[in-house]
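J.: Dumping the structure here so I can ask a few things about it.
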Amino acid sequence: MKTFRSILIGLVIASAVRVGAEPIGDIISYQGKLTNADGAPVANGTQSVTFKIYENGTPVFTQTSSVATLGG
């Protein structure tokens, strides 16, 4: 019984490690409302938006995308 329990615990731990090892996707979904400096929605159309991810104050990822806006 003790051996069976040890094997069962080992299998549970091994499967938990496998679930945590899944690769991270490369897509980040986002939504929001773009406003101008006065707080009014930007004009409808295509806007250029820059996304940056920082580590210790240093940008490690930068991407500029065109996004379509409707009502901000």
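J.: Report ³J(HN,Hα) in whole Hz for each residue of the stretch 27-38, in order, from the Karplus equation J = 6.51 cos²θ - 1.76 cosθ + 1.60 where θ = phi - 60°; Gly and Pro get x.
T.: My calculation for the stretch 27-38 gives 10, 10, 7, 8, 8, x, 10, 8, 10, 7, 4, 8 Hz in order.
J.: Evaluate E = 1/(1 + (r/R0)^6) for Gln63 and Ile9, where r is the Cβ-Cβ distance and R0 equals 35 Å; express this FRET efficiency to the nearest 0.05.
T.: My answer for the efficiency is 0.20.
Taken together, the values in this text are just the output of simple stated rules run on the coordinates, not laboratory data. A quick note: this is a predicted structure, and the numbers were derived from the prediction, not measured. As a convention, Cβ positions derive from the backbone with ideal geometry for all residues, glycine included, and neighbour counts pool all protein chains shown.
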